[in-house]
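What follows is a short report on a single structure.
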Amino acid sequence: MISVRNIYKRFGSQVVLEGVTLDIEPGKTTAVVGPSGVGKSVLLKLIMGIMTPDRGEVYIGGENMTAARTERARNDIRRSLGVLFQSAALFDSLTIYDNIAFSLRERVGLSATKAHSKVLDMAASLSLTPYLQNFPEQVSIGIRKRVGMARALITEPKVLLVDEPNTGLDPLDGQEVYDLINACKNQWGFTGLVISHELPEVFQVSDRVAMILKGAIIAEGTPAELTASQDPAVQQFLNGRTDGPIKIQ
Amino acid sequence: MGVLTTIEHFGAFIIETTERWGRSWIFLFRSMVALIRPPYRPYLYFSQILQIGVNSTLVIALIGLFTGAVLAVQGEYTLSKFGANAYTGPAVALSLIRELGPVLTALMVIGRAGSAVTAELGIMRITEQIDALRSMAVDPIKYLMAPRLFAGVIAMPLLCGIFNVVGIFGGYVVAVGLLGLSAGTFMSQIESAVALVDIYSGFIKATVFGLIFGWVSCYKGYTCGFGAQGVNKATTQSVVTASVAVLIVDYFLTSVLTRVFMK
């Protein structure tokens with residue numbers, strides 16, 4: 001469903017990704033983990049077509065995002081995507097209701113009346129009904145994440161991309177987001193890519209895990225396989241040690 | 001080695017400047033194409049005209065009133081030295097309609113709404129709201145930039161018209177009410193001195209300044225750097241660049257329009 005093939009990306013003299021290859025099967029969720037600043041979010045933006053790789057290709061549902069030359073062509077591919085951003089990235093000038101309805105109105109082109117019942121259903125299933133008339137800054141970050149999830153899922157995307165689901169959340173809210181991802185996965189059955197540096201919490205939503213370091217994937221497998229990996233960098237990261245091959249920048 | 005480094009730096013500067021110019025022109029071109037392509041979202045255009053245009057009316061009227069008033073005082077003082085204070089009305093009206101109306105309106109709108117547009121778009125950029133739009137297959141150029149550009153082009157000449165009318169009224173109050181000029185002389189001299197081409201040229205200038213306002217403020221916000229400092233820098237650059245551009249373009253437009261219309 002998602003195929004990243006031999007991606008290279010650099011900013012000036014700084015090499016961020018160097019030959020990253022990753023395949024995610026339909027209906028499965030892969031977590032890309034690694035320390036901060038190794039290019040996880042850049043990888044996500046390359047998959048979304050918001051950045052262009054220096055080399056390599058990204059396929060979503062068999063369509064080549066990298067080869068899409070115009071924004072219009074990229075938008076055609078993006079129609080199968082839903083994205084939950086690190087900070088939820090809600091539109092702060094719109095109410096929570098309008099944030100959830102946004103894609104239906106602007107992307108799908110549904111009338112306000114037709115969008116209304118869908119928004120109410122989605123809000124009910126994610127327990128957002130009491131907050132619909134609030135603005136994003138009036139609710140907690142945990143609720144904002146839920147709204148971000150509702151906004152991402154309202155168009156029933158085939159692919160869900162999640163960037164750092166737990167950033168800024170306390171452990172309870174963090175667990176709630178993971179439970180939410182699992183519940184949504186069961187309900188809507190999307191293919192998922194979760195970017196995170198939180199181990200082992202992210203394992204609970206992942207079928208597979210890929211660890212990225214120095215611009216390359218150094219280990220990939222099921223959560224159990226990654227946990228059993230003898231790679232010293234993987235073990236250092238899993239155990240949160242400061243001594244080892246990963247140097248803290 | 002030192003010479004080579006200097007040449008390299010100069011070359012890098014030229015390339016970077018050319019790239020920046022190229023990107024900003026492409027941005028303008030894409031925004032203008034986005035205006036004519038469906039889907040059309042009229043509510044976004046009306047909302048921006050409200051924010052950029054209608055909400056600037058009061059401050060524009062206030063500045064216009066006092067600009068007209070001060071022009072009357074200065075005009076009457078200067079013209080009376082030549083025994084020509086009967087021409088205070090035309091001096092006020094022509095100064096406003098041909099020059100001060102479009103320029104001061106543009107500078108005020110840039111200061112009030114241009115900074116707000118850049119800051120709003122800059123914050124949307126750094127909080128990933130623009131990325132979110134793109135991820136939802138909504139073109140941010142069409143959704144965010146085109147309405148603001150359109151609002152600038154529509155609102156600026158209208159605000160300029162308000163500035164001129166209120167300015168002439170301010171001049172009238174001072175010249176007739178305080179300086180003792182005849183009301184009939186003031187108005188009839190304006191009527192005979194101001195031609196339709198003066199009004200055209202003022203409105204053409206205001207329209208071009210509206211385009212500059214929308215282009216610069218949107219581009220600076222859209223390409224804003226990281227963090228609060230990035231927004232701060234973009235907002236400052238937006239106001240300075242647009243204001244300087246208005247004054248430079250004003251000179252060239254005045255030269256061209258004077259030659260075209262006065263022949």
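Just going by the charge dipole of the protein assembly as shown, with Lys and Arg at +1 and Asp and Glu at -1 on Cβ, which of B:Phe82, B:Trp25, B:Val117 is farthest out on the positive end?
B:Phe82
Which chymotrypsin sites (Phe, Trp or Tyr not before Pro) from segment B:1-42 combine a DSSP loop assignment with at most 14 other Cβ atoms within 10 Å?
Answer in residue order: B:Tyr40.
About the Cα centre of chain A, how large is the charge dipole given +1 on each Lys and Arg Cβ and -1 on each Asp and Glu Cβ? Please answer in debye to the nearest 20.
With only Lys, Arg, Asp and Glu charged at Cβ, the dipole is about 760 debye.
Could you pull out the chymotrypsin sites (Phe, Trp or Tyr not before Pro) across segment A:65-112 that fall in loop regions by DSSP (anything but H, G, I, E, B) with no more than 16 other Cβ atoms inside 10 Å?
Loop-located and lightly packed - none at all.
Compute from the Cα atoms of segment B:59-262 the Rg and the Dmax, the latter being the longest Cα-Cα distance, and quote both in angstrom.
Rg then Dmax for segment B:59-262, in Å: 20.2, 69.
Let me confirm one metric for peptide A:74-87, namely the mean number of other chain beta-carbon atoms within 10 Å of its residues' beta-carbons.
Across the residues of A:74-87, the mean count of other-chain Cβ atoms within 10 Å is 3.
Of B:Gly2, B:Met187, B:Tyr143, which is farthest on the positive side of the dipole of chain B, counting Cα position, with +1 on Lys and Arg Cβ, -1 on Asp and Glu Cβ, and the Cα centre as origin?
B:Tyr143
Could you compute the FRET efficiency for B:Met262 and A:Val108, with r as their C-beta to C-beta distance and R0 at 56 Å, rounded to 0.05?
About 0.50, to the nearest 0.05.
Measuring from centroid to centroid over Cα atoms, what is the spacing of segment B:14-65 and segment A:25-55 in Å?
For segment B:14-65 versus segment A:25-55, the Cα centre distance is 33 Å.
Report the Stokes-Einstein translational diffusion coefficient (µm² s⁻¹, integer) for chain A, Rh taken as the Kirkwood radius over Cα pairs, at 10 °C with viscosity 1.306 mPa s.
Translational D for this selection: 85 µm²/s.
Which whole-Hz couplings ³J(HN,Hα) result when phi for each residue of segment B:215-231 is put into the Karplus expression 6.51 cos²θ - 1.76 cosθ + 1.60, θ = phi - 60°, listed in order with x for Gly and Pro?
Going residue by residue, I get 4, 5, 5, 6, 5, 5, x, 5, 9, 4, x, 7, x, 4, 5, x, 5 Hz, with x marking Gly and Pro.
Please give the Cα centre distance for segment B:168-205 versus segment A:146-208, rounded to the nearest Å.
Here the answer is 67 Å between Cα centres.
Consider just the alpha-carbon atoms of segment A:41-164 and return their Rg together with their Dmax, both in angstrom.
15.2, 47
Taking amide H positions as placed 1.01 Å from N in the peptide plane, with prolines and chain starts having none, which residues 5 or more places from A:Met65, or on another chain, fall under 5 Å of its amide H?
Answer set, sorted by chain and number: A:Val58, A:Tyr59, A:Ile60.
Mind listing the phi-derived Karplus ³J(HN,Hα) values for segment A:226-238, rounded to whole Hz, using 6.51, -1.76 and 1.60 with θ = phi - 60°, and x for any glycine or proline?
5, 4, 7, 4, 8, 4, x, 5, 5, 5, 4, 5, 4
Where Rh denotes the Kirkwood radius from the mean inverse Cα pair distance, what is Rg over Rh for segment A:1-108?
Looking at segment A:1-108, the ratio lands at 0.99.
In a Debye calculation with equal point scatterers on the alpha-carbon sites of the protein assembly as shown and no solvent, what is log10 I(q)/I(0) at q = 0.06, 0.10, 0.12 Å⁻¹?
-0.40, -0.87, -1.09
Determine one quarter of the surface area of the Cα convex hull of segment B:131-245, which equals its mean projected area, and express it in nm² to one decimal.
Its average projected convex-hull area is 10.1 nm².
Would you work out the relative contact order for segment B:93-202, in percent, from Cα pairs under 8 angstrom that are 6 or more residues apart?
It comes to 51 percent, rounded to a whole number.
FYI, it's all coordinate maths here, none of it is from the lab. As the structure is a prediction and not an experimental result, all values here were calculated from the model. Cβ sites come from the backbone with ideal geometry, for glycine too, and all protein chains shown count toward neighbours.
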